[in-house]
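Asker: Right, I'll just put the structure down here and ask away after.
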Amino acid sequence: MIAPSAGTIIATRRGSIAGDRAASSRVWSSLRRDRAGLFGLAIVGLFFLVAVGVWLGWLGQGWSAADGGRWESAGPDHWLGTNVLGQDIFQRAVYSVRTAFEIGLLVALLSTLLGALLGGLSGWYSHSWVDDSILWLKGVLDSIPFYLFVAAVAFALQGWPWAMHLAMIATFWTTTGRLVRGEVMRLKSREFVLSARAIGLPVHLILLRHILPNTLHILLVQATIAFVAAIKTEVILSFLGLGVQDGVSWGLMLAESTQEVLAGHFNNFLAASLMLFLLLLGFNLLADAMQDAFDPRQNAL
């Protein structure tokens, strides 16, 4: 067998890049036509601007100040009233946007990265002991009830500030890993990969430079889904007392509201629930639009 020349490899790679650019153009064209997806993107963008405002110290900085009366009604001083401690509900809800994005971004990024790496190794070494080991680990994690496992890990590491993040990252990578594995198994027989192997490029360079970048469509969608799952999980764990310890989140606000609702005060509950609903709605609409845009059957129409 005659090894391909460098010119052949470059030409093959250029053809692949040209095809990828054409596919990217179709994807963005599909996203621009999806009104629901654009609406979701606008919602996410608005919440992100709020989070940036909190990070810069422009918004929500008085979330912990108990400078109001107990359960004050909404007014010019406190737009959504106050809670039982006299803290401003609106500022707490706004500051919780920062908490949601910090947790969502970190968990989505690391779990997607972990899934890409393990899925890439599993797909490249398919039907070997490496593949079997990763699939076994994935099967074990998937066999445990999700919220039970996350709550158990968070409880076992309670007091450590990153316990909740670690619990979610340890479980969220499995779906990404499965999808990336299948895509890598398909891509490793492509001409540009065979050419790279023929000239002796090491496996890690082939995976990082040639294969995993071609799974970006999977990673983007999965990162969006992981972001949504991370926010929902944080709310549940914080509601149970296993989530955010130093700070405030929508989960903590909902936990506080359980006693307030019984006393006839609904502002805390409504503020946290509405903002959580809007952010999750935005991400779900965006994720659905991205899945449709990256679907080759949709692009073929």
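Please treat every number below as a calculation from the coordinates, not as lab data. Remember, predicted model here, so these are calculated numbers, not experimental data. Here the Cβ is made from the backbone with ideal geometry for all residues, glycine too, and neighbour counts use every protein chain on show.
Asker: Quick query: amide H of Leu59 versus all other amide H atoms, modeled in the peptide plane; which residues come in under 5 Å with a sequence gap of 5 or more or a different chain?
Answerer: Those qualifying (amide H under 5 Å, at least 5 residues apart or on another chain) are Val54.
Asker: Which order do peptides 180-192, 139-151, 216-228 fall in by mean Cβ count within 10 Å, highest first? List each step's numbers first, then the result.
Answerer: On the way: 180-192: 18.6, 139-151: 13.5, 216-228: 21.3.
Highest to lowest by the protection proxy: 216-228, 180-192, 139-151.
Asker: While we're on this one: According to a simple spin-label model (label point 7 Å from Cα along Cα-to-Cβ), what is the distance in nm between Leu274 and Arg70?
Answerer: 2.6 nm
Asker: Out of these labelled values of Cα Rg over 2.2 N^0.38 Å, (1) 1.21; (2) 0.93; (3) 1.27, which was calculated from the coordinates shown here?
Answerer: Here Cα Rg over 2.2 N^0.38 Å agrees with entry (1).
Asker: Using a basic spin-label model with each label point 7 Å from the Cα along Cα→Cβ, how many nm lie between Leu106 and Leu208?
Answerer: 2.5 nm
Asker: Per DSSP H run of n ≥ 4, the term is -39500 (n - 2.57); total these for the chain, divide by its residue number, and report the mean residue ellipticity at 222 nm rounded to 500 deg cm²/dmol. Could you put the intermediate results ahead of the total?
Answerer: Working: 11 runs with 213 residues, N = 301.
It lands at -24000 deg cm²/dmol.
Asker: How would you order 88-97, 45-54, 102-111, 29-38 from highest to lowest mean count of nearby Cβ atoms within 10 Å?
Answerer: Values: 88-97: 24.9, 45-54: 17.0, 102-111: 20.6, 29-38: 14.8.
Ranked from most to least packed, the peptides come out as 88-97, 102-111, 45-54, 29-38.
Asker: Moving on to the next point. Modelling each spin label as a point 7 Å along the Cα-to-Cβ direction, I'd like the Ile199/Ala152 distance in nm, to one decimal.
Answerer: Distance between the two pseudo-spin positions: 5.0 nm.
Asker: Of the listed peptides 201-214, 67-80, 248-261, what is their order by residue-averaged count of other C-beta atoms within 10 Å, with the highest listed first? Provide the component values of the computation, followed by the final result.
Answerer: Details: 201-214: 15.7, 67-80: 13.9, 248-261: 20.7.
Highest-to-lowest ranking by the protection proxy: 248-261, 201-214, 67-80.
Asker: Is any helix in the chain, taking whole DSSP H runs, at least 20 angstrom long along its axis by alpha carbon and on average at least -1.0 on the Kyte-Doolittle scale, and which ones? Mind showing how you got there, number by number?
Answerer: On the way: long enough: 6-33 (41 Å, -0.27); 35-55 (30 Å, 2.06); 89-124 (51 Å, 1.24); 129-143 (21 Å, 0.41); 163-187 (36 Å, 0.54); 216-239 (34 Å, 1.76); 267-294 (40 Å, 1.29).
Answer set is 6-33, 35-55, 89-124, 129-143, 163-187, 216-239, 267-294.
Asker: Among Thr175, Thr82, what is the fewest-to-most ranking by other Cβ atoms within 10 Å?
Answerer: Working: Thr175 20, Thr82 27.
Ranking Thr175, Thr82 by Cβ neighbours within 10 Å, fewest first, gives Thr175, Thr82.
Asker: Could you give the length gained on full extension between Leu281 and Trp160, defined as 0.36 nm per residue of separation minus the Cα-Cα distance, in nm?
Answerer: On the way: separation 121, 0.36 × 121 = 43.56 nm, distance 3.09 nm.
Stretched out fully, the Leu281 to Trp160 stretch lengthens by 40.5 nm.
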